[in-house]
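Read through the structure below, which is laid out as structure tokens, and then see the notes.
The values are calculated or read from the model by the stated rules, or taken from the named source; none is laboratory data. Just so you know, these numbers come straight off a predicted model, no measurement behind them. So basically every Cβ, Gly included, is an ideal-geometry build from the backbone, and we count neighbours across all protein chains shown. Quick note on the areas: whole protein, heavy atoms, side chains included, nothing else; ligands and nucleic acids left out. Shrake-Rupley method; radii C 1.70, N 1.55, O 1.52, S 1.80 Å.
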Amino acid sequence: NRPVASGQAIYPRYFDTLGLRLRGRDFESADLATSAAPVCIVNEAFVRIAYPHEDPIGKTCVTVGVPRRAYSIVGVADDSRYTDPRAQVRPVVYTPFMHANTGRGQMILYVRTDGDPASLVARVREEVWNTDRTVPQYDVRTLAEEVNGVMMNERLLATVSSSFAGIAL
């Protein structure tokens, strides 16, 4: 009877950066302290399974990982897909990055701009470098490049199928 959800460790303004609506509140700077009361944000898919007829804000979400932790739900985010645009949306529990058990060495930086994102890459690299020269920077891509990478197999299959169709004709 327990919903299975994936976990995402994020910083405040993550949803704003990705253009996702958030009901309730976002993480605040006080939530980032490791001594802060554990709070989380869940997505709509989680709500449909765990709290189908209730408002989940203020309710508790308990993780079964190590360590087992109870989080107070402070917000509900729109559903989004992370790896496959056609895949079914899965339940997600978002927690403050500073509470993650994975260490601090794994992070993705998302930047939103109104201009050409490719022209911003050098400036972002420079700012990260100025902040901490020990942070490795690799695999810098725009969202368009990321989507193209995900869709590459489908495009290849469509091209091969079209070629065979043309040969058959």
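Quick notes
- Prolate/oblate/rounded label for segment 4-103 (Cα gyration tensor, a/c 1.5): rounded
- For the chain, the per residue solvent-accessible surface stands at 70 Å², with DNA, RNA and ligands left out and a 1.4 Å probe.
- Three-way shape call for the chain based on the alpha-carbon gyration tensor, with the a/c threshold at 1.5: oblate
- Modelled this way, with points 7 Å down the Cα-to-C-beta line, the labels at Val64 and Glu146 are 2.9 nm from one another.
- With all protein chains in place and a 1.4 Å probe, the accessible surface of the chain carries 55 percent carbon and sulfur.
- Remark: segment 37-42, residue by residue, has Karplus-estimated 3J(HN,Hα) of 4, x, 10, 9, 10, 10 Hz, where x stands for each Gly or Pro and the curve is 6.51 cos²θ - 1.76 cosθ + 1.60 at θ = phi - 60°.
- Inter-label distance, Val89 to Thr113: 2.9 nm, where each label sits 7 Å from its Cα along the C-beta direction.
- Total charge dipole magnitude, the chain, about the Cα centre, Cβ charges on Lys, Arg, Asp, Glu only, Debye to nearest 20: 480 debye
- Counted over the chain, the DSSP beta bridges are approximately 45% antiparallel.
- Using a Förster distance of 30 Å, the FRET efficiency for Ala30-Asp79 (Cβ separation, nearest 0.05): 0.65
- Take the Cβ atoms of Arg23 and Leu156, set R0 to 41 Å, and the FRET efficiency comes out at 0.55.
- At most 13 other Cβ within 10 Å, DSSP loop - chymotrypsin sites (Phe, Trp or Tyr not before Pro), segment 34-91: Tyr82
- Using C-alpha pairs under 8 Å with a sequence gap of at least 6, the mean separation divided by the residue count of the chain gives a relative contact order of 26 percent.
- Cβ-based charge dipole, the chain, positive-most Cα from Gly19, Leu157, Gln88: Gln88
- In order through segment 10-20: 3J(HN,Hα) via Karplus (6.51 cos²θ - 1.76 cosθ + 1.60), integer Hz, x for Gly, Pro: 9, 10, x, 6, 4, 5, 4, 4, 7, x, 9
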